[in-house]
Structures are given as C-alpha cells and as structure tokens.
Amino acid sequence: MPADTAAIDTARDALIAVDVQPDFMPGGALPVPGGDAVVPVVNRLLDLFAVAAATQDWHPAGHLSFASSHPGAAPFSRVVAPYGEQTLWPDHCIQGTPGAALHPGLRAERFAAVLRKGWRRDVDSYSAFTENDRKTPTGLAGWLRDQGIRRVFLAGLATDFCVGWSGLDALDHGFGVVLVPDACRGIGIPAADGGARDSTAEMLRKLEARGAAFVPSGDLRPGGSPA
Ligand code: VGL
Ligand code: ZN
C-alpha cells in the first residue's frame, strides 16, 4: 500500500463501480436506500482514475437467488444451495432488462471493462472476483493485474453484499482495498440473531478487521504516478 492512502496513483489504482444499476435504486426491484446518491459521486471519482471498471449483476430468469425460484420462500429468507447458504432476493437484474443496465446517469464511457456476474443460473455471485460457490473466478483479478493494478477503490451497491464481498476477495487476492463510504450504500438486513449490527455494519467491521481502508471521496486527490 502506498504510504498515503488518499493519493491516487493512476498507474496502480483502479476504481471499481459495483452494480450501479436501476434495479438497486429506490423504486427498483431490489432497492438499496439512497442508492441513487452514489451516481454523482462515482461520476466525480472517475476523473481521478485512469483505470476504472464496472460490474453488472446479470441474472437469467429463474435464477437460484430469486425467492420466486423456491416455492413458498420469502425474499430475504435463506436457503441452503449446493454450495452453501444463499439469501433469497426479489427477482432483480434480469439479463437484458432496463433494470439490469448500467445506470443511465453514469459516465459509462469511462469504464475500460464491464464485468457481468451472477449469469450462471445455479450460482450467485456477490463478489466481482469469485462466485458464491467460493471457487469460480470471474477473471477480474487477472484483468486488474494485467493492467498493473495493485489497489482497488470500491464504490457502488450494496455495501453489505456485492461491494463488501468484492472488497474481502480483493484483499484475498493481494490488492490493497479502499472503500469510499459516500460512494456506497447498504441494504441493511437486521441481524438474524437480533444483534445490534445489521448486515452493513457487520460487513464494514469485517472489511476493517481485514485491513481495508475507508476514505471519503472528498479526501481523495491526484497523487501522480511515480516513474
Ligand atoms: C446484490 C443482492 C443480490 C448487490 C446483488 O449488488 O449487492 N445484492 N444481488
Ligand atoms: Zn443479484
């Protein structure tokens, strides 16, 4: 990690905008409270980075993560999938639908790569790096390495699922991780055991414990690229 967490090295730092899609906006199929507020923040952040990528949650109809695929199951309940526990969601981000597009307000032309994930019917993928079976790579780590990237700055939706899992996996892959809190929003599922931490607080705790940094967008600044 560079000594100065807030200075962007355009040769080694990448911005990853996770799942900034209409279905995750207020009024969408799986709304994240305040989700629309991340769009202008991501757009401003794009000015600081030479390398930026976006992810799209991209499910086929009948996806295993949809409550509607499990008769009698309610959204936000959990089932045991062949690869382990899986939270069930309302139908969302169905391939090719407007709700699955990149948010139309994003400066999408600035993304060098757009990675779609969760496209296998029987495996979900919260993380941009590894699917929920915890073994299938998406290819993003290799792409970032091929660009010379050492550190990723995370923005997007939702903090407690796709952003958070992406951060944990980025750390596992040896990338430095900086989460930009004002560029992210969480779904916030109450703790199953009635505990005080909801899913967003719990994910932030895990990220911090594993060494992720948290730097608000207003503190980030150009750091140049040392030769
Ligand atoms: C997400 C739940 C289901 C996310 C995607 O983008 O955080 N959450 N699919
Ligand atoms: Zn999804």
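Values computed for the structure shown
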| quantity | calculated |
| --- | --- |
| Answer from Asp4, Asp36, Asp57, Asp47 - the residue that is surrounded by 14 or more Cβ atoms within 10 Å (Cβ to Cβ), within 29 Å of Arg221 (Cβ to Cβ) and among the charged types (D, E, K, R) | Asp36 |
| Test: residue in the stretch 100-107 that is of a type outside the set (Lys, Arg) and more than 24 Å from Ala61 (Cβ to Cβ) | yes |
| Among (1) at pLDDT below 95; (2) touching a Gly at 6+ places or on another chain (Cβ under 9 Å); (3) among the basic types (Lys, Arg), the one test that Arg121 misses | (1) |
| The lone exception for Pro75 - which of (1) in a helix (DSSP H, G or I); (2) within 15 Å of ligand 1 (Cβ to nearest atom); (3) over 24 Å from Thr138 (Cα atoms) it fails | (1) |
| Members of the stretch 43-68 found to be free of Cβ contacts under 8 Å to residues at least 40 places away in the same chain and in contact with an Asp or Glu (Cβ under 9 Å, 6 or more places away or on another chain), listed by number | Ala61, Phe66, Ala67, Ser68 |
| Any hit, the stretch 97-110, residues being at positive phi and within 13 Å of ligand 1 (Cβ to nearest atom) | no |
| Among the candidates Asp57, Asp47, Asp13, Asp36, residue that is within 14 Å of ligand 1 (Cβ to nearest atom) and acidic (Asp, Glu) | Asp57 |
| Filter result for the condition that a residue is surrounded by fewer than 23 Cβ atoms within 10 Å (Cβ to Cβ) and out of contact with any Gly (no Cβ under 8 Å at 6 or more places or on another chain), over Ala128, Ala101, Ala155, Ala213 | Ala101 |
| Hey, Thr87 touching a Lys or Arg at 6+ places or on another chain (Cβ under 8 Å), touching a residue at least 40 places away in the same chain (Cβ under 8 Å) and closer than 30 Å to Arg151 by Cα or not | yes |
| Pairs with Cβ under 9 Å, 6+ apart, first in the stretch 27-42 and within 13 Å of ligand 2 (Cβ to nearest atom), second of a type in the set (A, V, I, L, M) and not in a loop (DSSP other than H, G, I, E, B) | Ala29/Ile94; Val32/Val38; Val32/Leu157 |
| Selection from the stretch 22-34 of residues that are touching a strand residue (DSSP E or B) at 6+ places or on another chain (Cβ under 6 Å) and either of a type in the set (A, V, I, L, M, F, W, C) or closer than 25 Å to Phe175 by Cβ (or both) | Phe24, Leu30, Val32 |
| Any chance Asp124 is out of contact with any helix residue (DSSP H, G or I) (no Cβ under 6 Å at 6 or more places or on another chain), part of a loop (DSSP other than H, G, I, E, B) and closer than 27 Å to Gly34 by Cα | yes |
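The values are calculated or read from the model by the stated rules, or taken from the named source; none is laboratory data. Everything numeric here is computed off the predicted structure, so don't read it as measured data. Cβ: placed from backbone, ideal geometry, glycine included. Neighbour counts: every protein chain shown.
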